[in-house]
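The next block holds one structure in the form of structure tokens; read it before the comments.
A short reminder: the numbers here are calculations on the coordinates, not readings from a lab. Everything numeric in this text was worked out from a predicted model, so none of it was measured. Cβ coordinates were reconstructed from backbone atoms using ideal geometry, including for glycine residues, and neighbour counts include every protein chain displayed.
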Amino acid sequence: MTIDELTQIKATALAELAAAKTPDEVEALRIKYLGAKNGLLPALMKQLKDVPPADKPQMGKELNALRTAVTDALQAAKDASSSAGEAVEPFDFSLPGNWTKAGAMHPVSSVIEETTRIFAQLGFTVADGPDMETEFNNFDALNTAKHHPSRDERDTFWLADGNLLRTQTSPVQIRAMLATKPPVRIINPGRCYRRDTTDATHAANFHQIEGLYVDVKPVSLADLKSTLAHFAREMMGPNVKVRFRPHFFPFTEPSVEVDFSCHLCHGKGCRVCKQSGWIEIAGAGIVDTRVFKHIGYPEDCYGFAFGMGVERIAMIKHGITDLRHLYTNDLRYLKQFV
Amino acid sequence: MKLPISWLAEYIDISDLSVQELADRITFAGIEIEGIEQVGPCFDNIVVAEVRECVDHPNSDHLHVTKVWDGENEYQVVCGAPNCRAGLITPLARIGAIVPEGKFEIKKGKLRGVESFGMLCSARELMLSGDHDGIMELDPSLKPGTPLSSLYGSSETVFDVEITWNRPDCLSIIGIAREFAAILGRPLKLPEVDFPVVEAKAADLCNVKIENSVNCPNYTARVLPHVERLPSPEFMRKRLELCGQRSIDVVVDVSNYVMLECGQPLHTFDYECVKDHTIIVRNAAEGEKIKTLDDVERTLDPAMLLITDPAGPLAVAGVMGGEGSQIRENTNSVLLESASFYAPSIKYTATKLELRTESSHRFERGVDPFLTDWASRRACHLLAKYANATVAEGVVSVDTRPAEPMRVVLRHARVNAVIGMEIPVEQQVGILTSLAFEIESQTPEATTFKVPSYRVDVDCEADLIEEIARMNGLDALPDVLPATTIVPTADDSAIRAASLCRRTLCQLGFTEIMNYSFTAPAILDAFQPSTADSRIVLPNPVSADHSVMRDSLIPQMLDIMSYNNSHGTQTASLFEMGRVFYKDAKGAYTEEDRVCVGLMGYAGRSATDCVRPVESGEAILWLKGALESLAYRLHTPPMTMKATDIEGFDKGCAAVIIIAGRPAGVIGLINSDVRKKRRIMSPLVIAELKRSVLLTNAFKVVNAKDVPMFPATTRDIALISGAGVTHEQLVQVMKKAGPAELTGITLFDIFKDKKLNGRTSLAYSLEFRSPERTLKDDEVNAALDKIKAALKAKLQVEIRGE
């Protein structure tokens, strides 16, 4: 046995194993080289004792290396032949998958999230306030006359402790202004309550989202219009336009109602816009200087404010036909909004 | 408010404007036309015509083919009426006409192959009577081409106007006409107010005393010694009807008519029924009673203003008259009241008495205090003309009205800054003067205006800017995004964290529901009846179903699960993020944001494993797992669950959720009896958490750690623990007994069996790792032995395989 012989054996074995195609051929080679009885390598191992002592370590090392090489090659040949030859049972990919399906966000939440995202682009911070409010924050500070009908028991939920369930999210704006000096720029979504009888477009429990920007430098109706025009395009589509109609709110002056051109018919007239081409979306205006007075701001501040009904936007956006669907919480209905 | 266009046209020239133009012009000036109504049939394009020829239709046994002359053209018209014949004078609806009955438009048509260019009409089709036996046979002397409206009157167009709360001056036809006058730049034509007077003097015939001049700054009385209760003239009857009022007779109608016309409510008393002919305006006495015209006896309080005579109340001031002094069958003399009342006082009275009238509607918003005399004279003019009335000379008027008009300064630069565009000073001033604001003084920078007395809404500069903005037109505003001021961002992380929580729950498979903040007491009682005392009850709920504020999100979650279950959805994963309301220990009203998560049915199972029933433990672990995932994503501080019996949950299957050592919520199986009553057959597991605690760490900044350098060694322990020993106890003991290099304890199998007699078989995989070197087998084995020994000693567990 010489080193050369071992090198020769290694080359032959690897070549034969590389050529082996079927598991049977591989098995035959295993017996040939590694078989316990007549295998070539075990036989060589036995001959090691006849090698002169001086050459023994060297020869032993070479033999081990040969054995490792052949074993590895055999394993590789085995793997290759089995995957090539054996038929695996085909998998039925039409079976239902095994993972929890994502849930759906409520359309009211989606509108709030989307709206706050859009106004965040313009530098508005989200603000929040309690549902149970003081009369001052909900009415007095917002310049609502003492005898204004909205203060009626017929319209407002008064509480036994003298506070009330806020009828609008505007008191959050009062809180924000009481807490900081101008400039203030907030968007405040929240839940409101009015003693409305529930029908397809009204609920005693509903959501508003309002925005306020107050500054010591001029903030104009034109600024308000372009801010809302940006929102309209982001929320409803790039071609949606904004129109102002003069109106009245106690806390803004001038006050306007804000229409968006119908995103479905592009102003031609359809069911959603009641053939008018326009959809009433928001109320807005220039913050009344009397509001600044009530909260102790300098009266020569400038500011605009706007507010809109979240349910109404959700209904318009998704073609929801009845507001009550939003509070029935039927999973079959809600799942659509995933 | 109803606004008949024909009435409006009496005070302003609008003949050249279409109905739609009128509506648009005023809507975009701030007075919204909410609806346009046609009252009565419209005869546009329907004319008198002559049938010149009438032959049978070739393809029909009853139709005729006619030639019809409308004075200008001859049309071929197919007609089926049996009385159709040559020579007949009959109404022809030409192409484009809208047939009043059925409101369909006449178009060029073909009837059984013959073309027809119009329709001959029956009386019923024109809504003139019920007659439909044939086409109308009109007076043969009528000229063809005569518009039918000249015979039967035209339809009336009535606007439904929304008058915002700040513009009570527009609650009248003249008020709206005044707006149009400003919008169109045309003169306002006011009606006549003159009348002849008789020798008697009002001052000799009646007295007026005002005891509360704050609430009644002006009261005028005129006396009409003779009136006749004649029917009202046709125009007055029609206009009242168009405005939704019923005509009685001219004496009663005139006060309504004048109120609708100019906005000043009037009241007529039977002169003979006013004791001593003396009017006293005073506050009611506590408990004083009056029977009002609607036949209801009303109890008054001292904050209410009354019109009385020395014998007692005659009317609730500005709201409604009393029965005792009303105009009656034999009334032939009248005392006419025209007064000014303080708006909040009338508002209070009308609200308190729940009595809303056309009069209170106007007074509580604010009527021009200087309108009293004009309105009174206008009524006398009409009564003299249509009720054969005589009017005593002069007026008795008690007057404490402020003599000076309101003055407001307008800074012209501020106008442009607020509106956001350049409006020249002349234009600003021009708009205001067109609205009857009078210039008092002027500098280049500012103008001082006197406010007309009817503009009760105007008392500051912003009011004037609004007038300029709306009259200048809002379409003119430029749409350019403003150069933004950098506003320091307020901390809105709590709201953003809530949003992250919502999105995470959706990603975990939960669908968001939304319930009202108020609910029925029964809904809350079904879960935790014991909280009744600390609930906030609404004093004026809309309905009993919405009469109490929710003090937990769980009861409605339970209700919604039940709703879905009974509507064919037996598996549901739902969440709600909302507020709850309760009285705290001191009775203070408190609100708190919470998150509620619920699972029903096979929510946690794989799609193809939904036959074997859901076990309660399994359901709890699904929800616990979901909460752990949520807490993991939100970096919530360590969360544990401490088993506790809680009302509303099954005994032994509820726990308090503890976050960072503080109670943060509850989790458990909804009481089986409650659930079964709602026919929910599988375990229902619900958890509720305080939002703030859950979200405290949501935006924690991660401090990066390197991946471990050295490999870990793992060892498994299989053990059998006794009843009552918890997983947490086992973990604690292992942690305590193990070395610092024990870096992980994972439970990978749990098994219970009858043979184990209530004991549990558990298998843990322990991970040992040092950050500094590869651990040797010997040291790991030694640590493992120590852990096993501790488990045996402290928790009496049996280690399997020993």
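Numbers at a glance
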{"read-out": "Calculated log₁₀ intensity ratio I(q)/I(0) where the Debye formula runs over C-alpha points of region A:143-239, q = 0.11, 0.15 Å⁻¹", "value": "-0.47, -0.83"}
{"read-out": "Free-standing Cys, chain A [no other Cys Cβ under 4.7 Å]", "value": "A:Cys192, A:Cys301"}
{"read-out": "Euclidean distance between Cα centres, region A:29-107 to region A:110-186, Å", "value": "74"}
{"read-out": "Which of B:Ser6, B:Ser155 has the fewest Cβ neighbours within 10 Å, and the rest in rising order", "value": "B:Ser6, B:Ser155"}
{"read-out": "Degrees between helix A:56-85 axis and first principal axis of chain A (Cα, 0 to 90, nearest 10)", "value": "60"}
{"read-out": "Those lysines that a straight Cα-Cα span of less than 24 Å connects to A:Lys146, excepting residues fewer than 8 apart in one chain", "value": "A:Lys293, B:Lys347, B:Lys352"}
{"read-out": "Cross-link partners of B:Lys786 among aspartates and glutamates (Cα-Cα below 20 Å; sequence separation of 8 or more within a chain)", "value": "B:Asp716, B:Glu728, B:Glu741, B:Glu767, B:Asp777, B:Asp778, B:Glu798, B:Glu802"}
{"read-out": "Sum of -39500 (n - 2.57) over DSSP H runs of 4+, divided by residues of the protein assembly as shown (222 nm, nearest 500)", "value": "-9000 deg cm²/dmol"}
{"read-out": "Bins of 5 Å, starting at 0 and running to the largest distance - Cα pair percent for region B:617-690", "value": "4, 17, 26, 25, 15, 9, 4, 1"}
{"read-out": "Stokes-Einstein diffusion coefficient of chain A, Kirkwood radius over Cα pairs, 4 °C, 1.567 mPa s, in µm²/s", "value": "49"}
{"read-out": "Region B:230-265: trypsin sites (Lys or Arg not before Pro) falling in loop per DSSP and having at most 12 other Cβ within 10 Å", "value": "B:Arg246"}
{"read-out": "Chain A: angle of helix A:221-236 to the longest principal axis, Cα-based, in degrees nearest 10", "value": "40"}
{"read-out": "Spin-label model distance (nm) - A:Cys270 vs A:Thr22, 7 Å beyond Cα toward Cβ", "value": "6.9"}
{"read-out": "Under Karplus coefficients 6.51, -1.76 and 1.60, residue-wise ³J(HN,Hα) of region A:242-257 in Hz, glycine/proline x", "value": "10, 10, 9, 10, x, 8, 9, 9, x, 9, 10, 6, x, 10, 9, 9"}
{"read-out": "With eigenvalues of the C-alpha gyration tensor scaled by 5 and rooted, region B:198-399, Å", "value": "24, 19, 16"}
{"read-out": "Rg to Rh, two decimals, where chain B supplies the alpha carbon set and Rh follows Kirkwood", "value": "1.17"}
{"read-out": "Region B:569-619-region B:263-338 distance, computed between alpha-carbon centres (Å)", "value": "62"}
{"read-out": "With Cα atoms, 0 to 90° folded angle of helix A:170-179 axis to chain A main axis", "value": "80"}
{"read-out": "Label-to-label distance, nm, for residues given as B:Val39 and B:Thr743 (7 Å Cα→Cβ offset)", "value": "8.8"}
{"read-out": "Out-of-range pairs (alpha-carbon distance over 24 Å; input B:Lys624/B:Lys705; B:Lys238/B:Lys291; B:Lys642/B:Lys736; A:Lys268/A:Lys317)", "value": "B:Lys624/B:Lys705; B:Lys238/B:Lys291"}
{"read-out": "Shape of region B:211-272, Cα gyration tensor, a/c cut at 1.5", "value": "oblate"}
{"read-out": "Three-way shape call for region B:713-799 based on the alpha-carbon gyration tensor, with the a/c threshold at 1.5", "value": "prolate"}
{"read-out": "Mean projection area, nm², convex hull over Cα of region B:46-152", "value": "6.1"}
{"read-out": "Kirkwood-type radius of region B:430-559, with distances r between different C-alpha atoms, in Å", "value": "21.6"}
{"read-out": "Mean shadow area of region A:3-84 over all directions, Cα convex hull, nm²", "value": "5.1"}
{"read-out": "Cα gyration tensor of the protein assembly as shown - equivalent ellipsoid semi-axes, whole Å, descending", "value": "84, 41, 30"}
{"read-out": "Candidate aspartates and glutamates - alpha carbon under 15 Å from B:Lys201, same-chain residues fewer than 8 apart omitted", "value": "B:Glu393"}
{"read-out": "Amide H contacts under 5 Å for A:His207, placed H, 5+ residues apart", "value": "A:Cys192, A:Val310, A:Glu311"}
{"read-out": "Inter-part distance where region B:344-359 and region B:764-782 are each reduced to a Cα centre, Å", "value": "86"}
{"read-out": "Modelled label reach - B:Thr400, point 7 Å along Cα→Cβ, region B:293-307 residues with backbone N closer than 19 Å", "value": "B:302-307"}
{"read-out": "Prolate/oblate/rounded call for region B:176-220, Cα gyration tensor, a/c under 1.5 rounded", "value": "oblate"}
{"read-out": "Convex hull volume of region B:571-612 per residue (C-alpha atoms, cubic angstrom)", "value": "79"}
{"read-out": "Extreme residue, positive dipole direction of region A:107-337, given options A:Thr197, A:Pro238, A:Gln168 (C-beta unit charges)", "value": "A:Pro238"}
{"read-out": "Exceeding the 22 Å Cα-Cα cut-off - candidates A:Lys335/B:Lys690; A:Lys10/A:Lys78; B:Lys651/B:Lys677", "value": "A:Lys335/B:Lys690"}
{"read-out": "Label-point separation in nm, B:Ser18 to B:Asn330, each point 7 Å along Cα→Cβ", "value": "5.9"}
{"read-out": "Per-selection metrics, region B:193-307 (Cα): Rg and Dmax in Å", "value": "16.4, 45"}
{"read-out": "Compactness of region B:534-626 as Cα Rg over 2.2 N^0.38 Å, two decimals", "value": "1.38"}
{"read-out": "The protein assembly as shown: antiparallel DSSP beta bridges as a percent of all, rounded to 5", "value": "95"}
